């Protein structure tokens, strides 16, 4: 599936249009594979777009701890021409590089392999400590899911980073309130999340993670902070496809051909709305 090449130094509107095309690619990949996780991928598209097209510098690293939403990552790499967009059609196929969870021995452009929930933040901390030992000044961003906050290792990592005031580290919590078995609040709520993170000596920024301008501002603030920073990104799972939005049933379900056609029509409408902005 072909993906238009994105502009360099994009404007806010161009970023929003890039995000629409990434969402189209997510639908195409998961539909073709008939396997994958659309809700979280669609919901985090604006954040991934902001990272890859504005905030991530060559010396920085990004870890996608909730690796099951990797279609958004692969689509962003294609939009940046880091991988060939034709490769997106191989998602979850035999012998593909684009596995169901990111695998950095297949894609050396990735900082780490991921998939087992709860481990990404610990890996990110290790990378921050390595940067300090090597006198490097790169920033490490790590995205985790709110369901991942149910893992004990995540809280051990949060405690360690806070106690040691690890500047150069930003964790982005995809606060979409769903997981595979239901609504996160019904399974095991992380609230009061802001108070918990602040108690662990983290700086906290709470944002609408589907607002591109707000997301860009938060990423810049986090990068400049002298404390480890948590961005609580409130996102809509399935964002851009109305029949998927807020529905935990789309956590890990592929759309049918008919559903995919409807999703792409809704994304056409979303593109028209973006283009109509002044």
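The values are calculated or read from the model by the stated rules, or taken from the named source; none is laboratory data. Just so it is clear, the model here is predicted, and its values are computed rather than measured. Every residue, glycine among them, receives a Cβ derived from its backbone with ideal geometry; neighbour counts consider all protein chains shown.
Here are a few things to note about the model shown:
- Against the criterion of being crowded, with 18+ Cβ neighbours inside 10 Å and either in contact with a helix residue (DSSP H, G or I) (Cβ under 9 Å, 6 or more places away or on another chain) or farther than 17 Å from residue 143 by Cα (or both), residue 195 does not qualify.
- Scanning region 8-15 turns up no residue that is within 19 Å of residue 263 (Cβ to Cβ) and either surrounded by fewer than 21 Cβ atoms within 10 Å (Cβ to Cβ) or touching a helix residue (DSSP H, G or I) at 6+ places or on another chain (Cβ under 9 Å) (or both).
- Any helices (runs of 4 or more DSSP H) falling wholly within region 1-103 and containing at least 1 residues that are under 20 Å from residue 273 (Cβ atoms) and free of Cβ contacts under 8 Å to residues at least 12 places away in the same chain: 12-33
- Verdict on residue 18 being within 13 Å of residue 69 (Cβ to Cβ), at pLDDT 95 or above and surrounded by 21 or more Cβ atoms within 10 Å (Cβ to Cβ): no
- For region 262-278, the condition of being surrounded by fewer than 20 Cβ atoms within 10 Å (Cβ to Cβ), modelled with pLDDT under 95 and closer than 27 Å to residue 205 by Cβ holds for at least one residue.
- Of the residues 157, 124, the single one that is touching a strand residue (DSSP E or B) at 6+ places or on another chain (Cβ under 8 Å), surrounded by 22 or more Cβ atoms within 10 Å (Cβ to Cβ), in a helix (DSSP H, G or I) and modelled with pLDDT of 95 or more is 124.
- Residues of region 127-137 that turn out to be touching a residue at least 60 places away in the same chain (Cβ under 8 Å) and out of contact with any strand residue (DSSP E or B) (no Cβ under 6 Å at 6 or more places or on another chain), as a count: 2
- Matching residues, region 160-184, being crowded, with 16+ Cβ neighbours inside 10 Å, farther than 14 Å from residue 201 by Cβ and out of contact with any strand residue (DSSP E or B) (no Cβ under 8 Å at 6 or more places or on another chain): 178
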